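Heads up, the thing below is written out as structure tokens.
The values are calculated or read from the model by the stated rules, or taken from the named source; none is laboratory data. Please read these numbers as outputs of a predicted model, since none were measured by experiment. Backbone-built Cβ (ideal geometry, glycine too); neighbour counts: all protein chains shown. Protein only, heavy atoms only, side chains kept; ligands, DNA and RNA dropped before computing areas. Shrake-Rupley method; radii C 1.70, N 1.55, O 1.52, S 1.80 Å.
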Amino acid sequence: MASFQHGMHQAHDATNPDDVGTSPAELKRVLAAQQAAAIANGPPAVAERVRRLELAINLLLDNADEITAAVAKDFGVRPEKVTRFADLLMALESCKQARDKVAAWAAPQRRVVDFPFNLVGATNYIEYTPKGVVGIVGPWNYPVMLVIGPLASAFAAGNSVMIKPSEYAPATAAILGKLVNAAYDETVAHVCNGGASVAAAFCALPFDHIVFTGSTTVGKLVAKAAAENLTPVTLELGGKCPVIIGADANIANAAARVAHGKVLNAGQTCL
């Protein structure tokens, strides 16, 4: 855990905030509560998944000004329009798409029955079931969209979620914690705040899946911690995206568009 914390600290140039937040015992208690509820209640019906997603949509819409102000406090100079477009709108679209598609995504899919079983009336289909509890570790550069987006996917799949927002966007983490923890039962969704030691304890929990967005350095530590529990991970790590411009392209337009993408959010985007 010490090496994980060191890696978390080394991944940022900013002064580390006080490492105070959700205790390891509380993390374990919430996870146990979510796991017990998943076993007791079984996979949530599509209607319940839709309800959870619509609640997330309403939280974003009803609290857009407060969320935007929190992000501005964390960033200092980030334009309000960037937050509303790149964080709030993108998060909303993720939730709306999941809400509209979840019935189709969750439906059993028929498959061909091979001979000779097809002659005796056998049927064959795939039925998708939730994994259980998904841990979401968010970054600071898009502190709303890269938490709510994974939440939408997890809800659509019928999972519950525990969320660890970035401690480098503390005001945003605080408002997310306040809103999510008030709106959802803790067996459905719960935000856990704190610094690097909380993040280390969080990733060491035996989740059914972990989603992490951030640096390659910390991503390796998340994968290592998850491996101790054989927890599968989804890692979206920083990197460079080359631009390919065709010979017949309008160079002026291409240059302007590439520059726009590269300077969006002060360049803190995986583009």
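At-a-glance table
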{"read-out": "Whole-percent carbon and sulfur share, accessible surface of segment 150-192, 1.4 Å", "value": "58"}
{"read-out": "Amide hydrogen neighbours beyond the local backbone of GLN268, cut-off 5 Å, H modeled", "value": "none"}
{"read-out": "Helical mean residue ellipticity (222 nm; -39500 (n - 2.57) per DSSP H run of 4+; nearest 500) of the chain", "value": "-15500 deg cm²/dmol"}
{"read-out": "Residue-span extension gain [ASN181 to ASN265] - 0.36 nm each, minus C-alpha spacing", "value": "27.4 nm"}
{"read-out": "Mean accessible surface per residue for segment 113-265, computed with a 1.4 Å probe while every protein chain stays in place, in Å²", "value": "46"}
{"read-out": "Of LYS131/LYS262; LYS28/LYS262; LYS81/LYS224; LYS131/LYS178, pairs whose Cα-Cα distance is over 32 Å", "value": "LYS131/LYS262; LYS28/LYS262; LYS81/LYS224"}
{"read-out": "Highest-MSF residue in the chain out of VAL134, VAL243, VAL198 [GNM, Cα springs under 10 Å]", "value": "VAL243"}
{"read-out": "Estimated FRET transfer efficiency when R0 is 41 angstrom, pair ALA249-ALA32 (beta carbons, to 0.05)", "value": "0.15"}
{"read-out": "J(HN,Hα) series, segment 69-75, from Karplus relation 6.51 cos²θ - 1.76 cosθ + 1.60, nearest Hz, glycine and proline x", "value": "5, 5, 5, 4, 5, 6, 8"}
{"read-out": "5 angstrom amide H check on THR213, placed H, neighbours 5+ away", "value": "VAL137, GLU236"}
{"read-out": "At most 14 other Cβ within 10 Å, DSSP loop - chymotrypsin sites (Phe, Trp or Tyr not before Pro), segment 119-190", "value": "TYR128"}
{"read-out": "Long-range amide H partners of ASN141 with built H, under 5 Å", "value": "none"}
{"read-out": "Solvent-accessible heavy-atom area per residue, rounded to whole Å², over segment 41-107 at 1.4 Å", "value": "54"}
{"read-out": "Cβ-Cβ FRET estimate between GLN97 and SER23, R0 fixed at 35 Å, reported to 0.05", "value": "0.45"}
{"read-out": "With every protein chain in place, segment 11-130: carbon and sulfur % of accessible area (1.4 Å)", "value": "56"}
